[in-house]
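Shown next, in structure tokens, is the structure this report addresses.
Just so it is clear, none of the values below were taken in a lab; they were calculated from the coordinates. As the structure is a computational prediction, the values presented were derived from the model and not from experiment. Glycine also receives a Cβ, built like all others from the backbone with ideal geometry; neighbour counts cover every protein chain displayed.
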Amino acid sequence: MNRHLPSSSYVRPLLCIDEMSVSFDTSLGRVKAAQNICLELHERETLALVGETGCGKSVIASAIMQLLPSNASVKGRAIFSGIDF
């Protein structure tokens, strides 16, 4: 993430995910599905989430779109087009 003060040429990202973590409460306890994910996507960019099976790609995508089941817990920030949700 850009943790420095923006320069005059800084362009705000279309999507900013900052320290997002997702876990699920199950009958066997809490399952950590993804931890401390940070990413930025700017207008006209393409982003690919790549990783091994079960590493949390779909969980992060679902969290960004707010499509997780009720037993999910999401921490961190997601900012889309300047709106923090």
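Things to note:
- When the trypsin sites (Lys or Arg not before Pro) in the range 7-85 are filtered for DSSP coil states and for at most 14 other beta-carbon atoms within 10 Å of their beta-carbon, the remaining sites are Arg44.
- Dipole magnitude for the chain: about 120 debye, using +1 per Lys or Arg Cβ and -1 per Asp or Glu Cβ, origin at the Cα centre.
- Between Tyr10 and Leu67, the FRET efficiency estimated from the beta carbon spacing at R0 = 41 angstrom works out to 0.85.
- Between Ser81 and Ser27, residue separation times 0.36 nm minus the direct Cα-Cα distance comes to 15.7 nm.
- Neighbour cut-off at most 16 other Cβ (10 Å), DSSP loop, GluC sites (Glu not before Pro), the range 12-76: Glu43, Glu45, Glu52
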